[in-house]
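First comes the structure, then the notes that go with it.
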Amino acid sequence: SFSTKSFSTSLSLFLERVLWLSPQIFFHDFLLVFYPKILSIDQSIFVKLGETIFDPYSVFCFLFLTSFILFPLISFVLFKRFKTIFLTCFCFFISLLPFLHIIVPSYSLACERYLYTPLLFMVIGVGLVFKDLGRGKTNRIPIGTAAILSMILILCMYRSHIRTLDWQDTYTFINATYETSNNSFFKAVRLGMLGKAISVFNPEEKEKIHQY
């Protein structure tokens, strides 16, 4: 019957999202946290997708997501260890869950802004882990821990400063998305947005349109 076919189609699409699409989006977001090489308001064109559910990359991403969830959970439940790591991974995943297309499909595969809350939990979790590692007989922070945290802080500050240059105004913001796009269609869309932004917000600089 029609209802049976409709249910079967919906179920197959749901399983495809959960088993194929969501793990690859999660792996892309995870890499974006630790290696933000290309930053753009829309990360959809940068998400690598395997052709089928049995594609080696698709299988790897599925195993990665499963391991990310299960290993900390098993360590905490069975061995009562790594409580901080378990809570960090759990909060990171739960806060990212609405954007992984598991519950419902979203209009975009991945965006930087989806990582704001997950990153908050990640930073707090990393800080607690370093605190536990540096806990000793004294209340002083070990030199090694302080050096590592300082390096991470400097790198984050530098990357944040570079990113703020893209958000100076409407022109630089859209121009940054145009330059990072490697797809002809998306470049054309960004180009249209860029021309409109210049004509509306900076009409005195219309000569910039000829650069493109």
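Taking the stretch 15-27 as the range and being touching a Gly at 6+ places or on another chain (Cβ under 9 Å) and either of a type in the set (Ser, Thr, Tyr) or open to solvent by less than 30 Å² (accessible area, probe 1.4 Å) (or both) as the test, only GLN24 passes. Could you please let me know if SER1 is modelled with pLDDT under 90, under 15 Å from the mean Cα position of the chain (by Cα) and among the small types (Gly, Ala, Ser)? Here the answer is no, as SER1 does not meet what is asked.
Listed here are the residues, each with its yes/no results for (1) within 25 Å of ARG163 (Cα to Cα); (2) among the β-branched types (Val, Ile, Thr); (3) loosely packed, with under 14 Cβ neighbours inside 10 Å; (4) touching a strand residue (DSSP E or B) at 6+ places or on another chain (Cβ under 7 Å).
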position: LEU13; (1), (2), (3), (4): no, no, yes, no
position: ASP29; (1), (2), (3), (4): yes, no, no, no
position: LEU65; (1), (2), (3), (4): no, no, no, no
position: PHE79; (1), (2), (3), (4): no, no, yes, no
position: LEU100; (1), (2), (3), (4): yes, no, no, no
position: TYR114; (1), (2), (3), (4): yes, no, no, no
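If only residues of the stretch 102-112 that are surrounded by fewer than 14 Cβ atoms within 10 Å (Cβ to Cβ) and free of Cβ contacts under 8 Å to residues at least 12 places away in the same chain are counted, the one that is nearest to ILE41 (Cα to Cα) is TYR107. The set of residues in the stretch 81-91 that are open to solvent by less than 30 Å² (accessible area, probe 1.4 Å) and polar (S, T, N, Q) contains only THR88.
Give GLY136, GLY125 a once-over and let me know the one that is touching a Cys at 6+ places or on another chain (Cβ under 8 Å) and either modelled with pLDDT under 70 or surrounded by 11 or more Cβ atoms within 10 Å (Cβ to Cβ) (or both).
Among GLY136, GLY125, only GLY125 is touching a Cys at 6+ places or on another chain (Cβ under 8 Å) and either modelled with pLDDT under 70 or surrounded by 11 or more Cβ atoms within 10 Å (Cβ to Cβ) (or both).
Among the candidates ILE45, ILE94, which residue alone is of a type outside the set (Lys, Arg), surrounded by 12 or more Cβ atoms within 10 Å (Cβ to Cβ), within 30 Å of THR177 (Cα to Cα) and in contact (Cβ under 8 Å) with a residue 12 or more places away in the chain? Every option except ILE45 fails the conditions.
The values are calculated or read from the model by the stated rules, or taken from the named source; none is laboratory data. In this text, all values refer to a predicted model and were calculated from it rather than measured experimentally. Note: ideal-geometry Cβ built from the backbone for every residue, glycine included; neighbour counts use all protein chains shown. For accessibility, only protein heavy atoms count, side chains too; no ligands or nucleic acids. Shrake-Rupley method; radii C 1.70, N 1.55, O 1.52, S 1.80 Å.
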